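Beneath this line is the structure, given in structure tokens, with notes to follow.
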Amino acid sequence: MKPLVFVLLAPLLITSEVLPMDRLWSEEDIVTQERPSDAVVLSDGRVVWVKITVDLKENRELAHLWLTDLAGTTRQLTRGTVSDRHPAASPDEKLVAFLSDRPLPGGSSEVKGPQVWVLPLNGGEPYPVTRQPKGVKAFAFRSSERILFLAEDAPDALDRLRTSQKDEARVVEDPQRQPRVRLFEVELSSGNIRRRTTNTSPITSLAVSPNGRWAALQINVSPSFEADGREKPETYLMDLERGTMTRILADRRATPQAFRFTPDSTTLAFTETFSSDPHLEGAGVELLYTLDLITLKVHEVDLAWPRGLASPHAFVPVPNGFWVLLADGVRNRLAFLPSAGKDLPRKDLLPDHVHAFAASPDGEHLALLHSTPTEPPQWWRGQWRGGQLTLGAQLTHLNGHLKGKAHPKVEVIRWVGARDELVEGILYYPLDYREGKRYPLVVMIHGGPAGVDQWAWESSWAYAPQLYVQRGAFVLFPNYHGSSHYGLEWVESIKGRYYELEIPDILRGVDHLIAQGLVDPDRLGVLGWSNGAILTIALTVTTDRFKAAAPGAGDVNWISDYGTCAFGVRFDNSYFGGPPWEKLEVYIEKSPLFRLHRVTTPTLIFFGEQDTAVPTEQGWQHFRALQQVGKAPVRFVLFPGEGHSLAKPAHRLRKLQEELAWFDRYLFSRSPAHNPWRKPGTPLDSLLARAHLTQWKGAYGVPWKGRLIPQTVAVPGMEGTKVGAVEVTRAQWASLNPSIAVPPGDENLPVVGVTAQQALAYCRRLSQLTGKLYRLPTLGEWNQLRGRSQGVGISWEYFLGETPAYDDLEELERLLAPLGGVSRLLQPVGLGDLARGEGETFLFDLKGNAAEWVMEAGQPVLKGGCAACFEDQEPPQALAGFRVVEGPAPEERKE
């Protein structure tokens with residue numbers, strides 16, 4: 001049987017051509033991408049899903065609910081200037097409930113945080129069913145008439161007293177005053193709310209059985225659990241009819257999570273992280289278990305797969321079994337596990353990567369979230385009948401405005417890393433890649449360390465390979481030792497050996513690409529966020545090979561991390577073998593702070609000011625050390641109000657702009673792309689760019705044996721050729737035609753009135769003079785160059801501020817006649833539009849000034865725009881000029 005695959009429109013893959021600007025990626029393109037999120041699949045195959053959009057002007061991200069039916073018709077369910085998330089359908093599928101920050105009817109200054117809202121699916125407006133003072137943490141339908149939810153109870157007398165006194169002091173991890181997050185139940189018809197529990201420690205997890213009889217609750221009894229993992233959360237099974245609670249799973253080594261009941265309400269499924277240090281909640285593999293609600297016995301579900309589930313939530317109980325996603329390195333495997341006792345093998349159903357999925361209550365309809373490195377994520381439809389999966393239509397069609405963007409070649413590569421074990425990674429090729437040429441390399445290191453890079457879309461404020469491949473660089477994402485999705489031994493291999501395997505893995509990956517003849521060893525950069533930043537910093541301490549580094553939220557001092565990181569005790573004990581007072585030498589040896597005096601790599605540091613996962617003080621220690629040592633350029637960017645991740649679109653955009661400017665300067669040796677005053681195509685931009693034009697005796701051009709010849713510049717993607725930076729000027733024309741005199745002040749005007757034969761003859765004379773091949777550009781080259789150019793060319797629009805109508809031309813020509821005609825519109829070269837060449841070089845006037853002779857099918861043709869050109873009219877011969885190309889035509893080059 002032919003394997004099922006997602007059928008996608010072929011992406012625009014570019015490897016060598018010169019790209020027009022509208023096919024290149026901008027930082028705004030990265031930040032404003034639409035994203036699909038939570039999906040709920042109904043019994044009839046309809047799918048409720050969340051669409052996330054970004055409003056840069058308002059500096060916010062918005063999430064709204066949409067509905068797609070079996071016919072593919074999609075309609076928006078919610079709107080507004082606030083977000084709606086986490087949809088859930090009522091058992092009769094007439095209602096969808098969700099969490100939202102939208103204003104409550106009537107308003108209330110005492111109510112803050114998201115509330116539960118309900119929307120009739122057959123039409124109508126959403127309405128709130130909760131008004132909790134501090135918002136709702138989670139909810140689930142008990143029946144089509146009742147919803148259970150978790151929320152912090154109303155303030156007690158002590159809370160109210162402290163509020164009245166404006167007392168904002170707090171006791172850290174106070175076991176006596178934990179947030180009183182309790183279980184409540186609301187009756188939809190009346191709005192009556194009933195408190196179902198009286199716990200004094202917070203409930204952190206809720207699951208409700210399909211028959212409404214049972215609720216699984218997890219209570220975090222220790223306020224220090226996140227930090228040290230010592231006292232595990234307690235799990236309870238609540239009989240909602242009787243109101244009784246029974247503690248379950250008390251003897252588990254690791255903490256159960258992701259509770260879900262089977263459709264018949266007889267079994268509770270959950271996952272645990274299996275590892276060698278469950279007392280520390282250490283990294284491991286995710287395994288699936290079930291609890292019989294009658295016998296309370298636990299059974300491990302046989303995944304028949306050593307690498308475990310793709311995530312703790314990567315399973316859905318359905319009649320007759322489980323849908324699961326299995327971890328498999330760079331891909332997740334979608335599989336069906338028949339129920340225990342059926343003695344049927346697991347069915348692996350798709351070779352393609354699946355991020356996540358949702359299933360209808362009967363398990364027959366699926367929504368599959370799929371992407372590739374060149375296709376952004378979309379929800380797809382799947383149908384399960386008779387033990388066979390059929391892939392249906394694409395449910396979502398997001399980011400249509402990005403379909404014309406260019407994508408590179410991408411491949412999975414392998415190399416021998418630490419311990420002589422194979423390491424996998426994802427390699428993105430430069431857009432202008434040509435075999436035999438070496439290119440810069442930027443290593444992008446994932447976080448975790450138990451994260452993973454997969455055969456999936458990667459494009460975010462944290463990692464944006466698109467912006468680097470179009471700068472002519474390779475990008476490597478390495479799945480170093482300690483990454484998830486490769487099994488228990490791999491993910492635990494760095495416990496007690498932190499840095500010792502990962503750094504060799506990465507450096508050997510770099511050396512592998514150098515040995516393949518792909519990468520220039522003198523042009524290496526590295527960046528990462530969280531653990532990716534930690535390894536980035538370690539690389540700058542280990543070697544001086546990297547020319548630029550940009551760590552975001554990375555540790556340098558593990559001694560202070562132990563106390564200031566929200567989970568520092570667990571993490572540091574797991575990876576370093578104990579606390580710093582027992583392992584002081586280890587902590588000093590592992591902390592880059594004590595070796596930052598070695599660093600010479602220019603380093604750009606990012607941090608959120610409220611980061612507790614990697615505390616912001618780590619960034620201050622890193623910055624201050626590099627600043628005081630003075631061997632490496634350093635810049636420290638702080639984002640107010642942000643934690644470990646960046647939430648505000650403006651901050652995400654700023655991060656990318658800062659990062660690109662840093663790499664442009666130190667790796668790509670080009671001027672920063674985002675000087676706030678240098679806007680592409682403006683007169684100031686042209687003025688700054690003209691500083692890179694060569695002059696001789698006051699005229700643009702290059703001196704050659706007493707003659708003035710055109711300056712040519714290399715253009716990315718046009719290997720083996722250089723293009724005239726400007727149109728051939730009158731001074732350059734006269735230099736090869738000594739009988740012609742140029743009036744003073746006209747030296748830098750483009751020569752015009754040139755016939756095709758005269759332009760070709762000039763190229764021949766220039767070739768004879770220099771011993772190099774000069775020619776006219778081909779039409780294909782000319783179109784590609786014009787597509788790169790920005791700004792307004794020397795044209796009617798340049799002079800009038802708008803494009804005239806055809807019937808205006810006669811009057812405009814009449815106005816110019818006393819001045820000598822349209823040729824008086826010509827301006828010195830370099831004043832109009834410009835396109836970037838390689839490095840700090842530019843090309844000018846591709847959209848205006850003189851018309852230009854080009855070669856089409858071996859014959860010269862005159863092309864506009866020009867100072868007086870209009871739409872599809874033939875350019876006037878009076879404005880016919882040209883520019884030269886140095887090197888063979890494309891059909892003559894050796895590939």
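The values are calculated or read from the model by the stated rules, or taken from the named source; none is laboratory data. Here the structure is a predicted model, which is why all the values come from computation and not from measurement. Because the Cβ atoms are built from the backbone with ideal geometry, glycine has one as well, and the counts that use them run over all protein chains shown. We work out accessible area using only protein heavy atoms, side chains counted, and drop any ligands, DNA or RNA first. Shrake-Rupley method; radii C 1.70, N 1.55, O 1.52, S 1.80 Å.
Can you name the residue in the range 404-435 that is at pLDDT 95 or above and among the small types (G, A, S) and, of all such residues, is surrounded by the fewest Cβ atoms within 10 Å (Cβ to Cβ)? Per the stated criteria, the residue is A418.
Does G780 satisfy the criteria of being touching a residue at least 12 places away in the same chain (Cβ under 8 Å) and either more than 23 Å from A889 (Cβ to Cβ) or touching an Asp or Glu at 6+ places or on another chain (Cβ under 6 Å) (or both)?
In short, no.
In the set (1) open to solvent by 30 Å² or more (accessible area, probe 1.4 Å); (2) in contact (Cβ under 8 Å) with a residue 60 or more places away in the chain; (3) not small (G, A, S), P750 fails one condition alone, (1).
Could you count how many residues in the range 545-564 are free of Cβ contacts under 8 Å to residues at least 60 places away in the same chain, under 28 Å from the mean Cα position of the chain (by Cα) and open to solvent by 10 Å² or more (accessible area, probe 1.4 Å)? Total satisfying the criteria: 1.
Got a sec? Which strands (runs of 3 or more DSSP E) wholly within the range 800-868 have at least 1 residues that are open to solvent by less than 40 Å² (accessible area, probe 1.4 Å) and under 28 Å from A691 (Cβ atoms)? Spell out how you get there, then give the answer.
Details: elements: 834-836, 842-844, 851-856, 859-863.
Once the strands (runs of 3 or more DSSP E) in the range 800-868 are filtered for at least 1 residues that are open to solvent by less than 40 Å² (accessible area, probe 1.4 Å) and under 28 Å from A691 (Cβ atoms), what remains is 834-836, 842-844, 851-856.
Answer with yes or no whether V442 is open to solvent by 10 Å² or more (accessible area, probe 1.4 Å), at pLDDT 95 or above, more than 30 Å from L287 (Cα to Cα) and β-branched (V, I, T). Lay out the reasoning, then the answer.
Working: open to solvent by 10 Å² or more (accessible area, probe 1.4 Å): no; at pLDDT 95 or above: yes; more than 30 Å from L287 (Cα to Cα): yes; β-branched (V, I, T): yes.
Here the answer is no, as V442 does not meet what is asked.
With the requirement that a residue be assigned to a loop (DSSP other than H, G, I, E, B) and among the hydrophobic types (A, V, I, L, M, F, W, C), what does the range 222-280 give you?
Start the filter on the range 222-280 by keeping residues that are assigned to a loop (DSSP other than H, G, I, E, B), which leaves 222-224, 229-233, 240-243, 249-256, 262-266, 275-277.
Scanning the range 222-280 gives L240, L249, A250, A254.
Is the range 302-311 home to any residue that is assigned to a strand (DSSP E or B), open to solvent by less than 30 Å² (accessible area, probe 1.4 Å) and not β-branched (V, I, T)? Checking the range 302-311: at least one residue is assigned to a strand (DSSP E or B), open to solvent by less than 30 Å² (accessible area, probe 1.4 Å) and not β-branched (V, I, T).
Being part of a helix (DSSP H, G or I) and surrounded by 15 or more Cβ atoms within 10 Å (Cβ to Cβ) is the filter here, so list the residues in the range 625-646 that pass it.
Step one: list which residues in the range 625-646 are part of a helix (DSSP H, G or I), which gives 625-629.
Selection gives A625, L626.
Tally time: how many residues in the range 154-192 are at pLDDT 90 or above, open to solvent by less than 60 Å² (accessible area, probe 1.4 Å), in a loop (DSSP other than H, G, I, E, B) and within 13 Å of T130 (Cβ to Cβ)? Going through the range 154-192 one residue at a time, the tally reaches 2. Against the numbered list (1) surrounded by fewer than 18 Cβ atoms within 10 Å (Cβ to Cβ); (2) in contact (Cβ under 8 Å) with a residue 12 or more places away in the chain; (3) of a type outside the set (S, T, N, Q); (4) touching a helix residue (DSSP H, G or I) at 6+ places or on another chain (Cβ under 8 Å), A227 comes up short only at (1). Within the range 489-545, the set of residues being more than 17 Å from T603 (Cβ to Cβ) and hydroxyl-bearing (S, T, Y) comprises S493, Y498, Y499.
Here the range 713-755 is the region considered, the condition is being outside any loop (DSSP other than H, G, I, E, B) and under 30 Å from Y468 (Cβ atoms), and the residue that is farthest from the chain's Cα centre (by Cα) is G724. If you check R333 against the conditions, is it part of a strand (DSSP E or B), in contact (Cβ under 8 Å) with a residue 60 or more places away in the chain, of a type in the set (D, E, K, R) and touching a strand residue (DSSP E or B) at 6+ places or on another chain (Cβ under 7 Å)? No; evaluated as a whole, the condition is false for this residue.
Condition first: surrounded by fewer than 18 Cβ atoms within 10 Å (Cβ to Cβ) and either part of a strand (DSSP E or B) or among the aliphatic types (A, V, I, L, M) (or both). Can you find one or more residues in the range 345-355 that meet it? Show your work before the answer.
So the first thing to find is which residues in the range 345-355 are surrounded by fewer than 18 Cβ atoms within 10 Å (Cβ to Cβ), and the list is 345, 347-348, 351.
Among the residues that remain, those that are also either part of a strand (DSSP E or B) or among the aliphatic types (A, V, I, L, M) (or both) are: 347-348.
So far as the range 345-355 goes, yes, one or more of its residues are surrounded by fewer than 18 Cβ atoms within 10 Å (Cβ to Cβ) and either part of a strand (DSSP E or B) or among the aliphatic types (A, V, I, L, M) (or both).
Selection of the range 69-104 for residues being surrounded by fewer than 15 Cβ atoms within 10 Å (Cβ to Cβ) and either outside any loop (DSSP other than H, G, I, E, B) or hydroxyl-bearing (S, T, Y) (or both) yields T73, R75, Q76, T81.
Quick check on Q758: is it part of a helix (DSSP H, G or I) and surrounded by fewer than 18 Cβ atoms within 10 Å (Cβ to Cβ)?
Working: part of a helix (DSSP H, G or I): yes; surrounded by fewer than 18 Cβ atoms within 10 Å (Cβ to Cβ): yes.
Answer is yes for this residue.
Say we look at the range 356-394 and pick out the residues that are in a loop (DSSP other than H, G, I, E, B) and open to solvent by less than 10 Å² (accessible area, probe 1.4 Å); which of these is nearest to V452 (Cα to Cα)? Only one residue fits best here, namely P373. Within the range 575-615, how many residues are open to solvent by less than 20 Å² (accessible area, probe 1.4 Å), in contact (Cβ under 8 Å) with a residue 12 or more places away in the chain and of a type outside the set (A, V, I, L, M)? Of the residues in the range 575-615, 16 are open to solvent by less than 20 Å² (accessible area, probe 1.4 Å), in contact (Cβ under 8 Å) with a residue 12 or more places away in the chain and of a type outside the set (A, V, I, L, M).
Residues that are charged (D, E, K, R) and closer than 19 Å to T542 by Cα were ranked within the range 585-623; the one that is farthest from the chain's Cα centre (by Cα) is E585.
Applying the condition of being among the charged types (D, E, K, R) and under 28 Å from R570 (Cα atoms) to the range 274-301 and asking which residue is least open to solvent (accessible area, probe 1.4 Å) yields D277.
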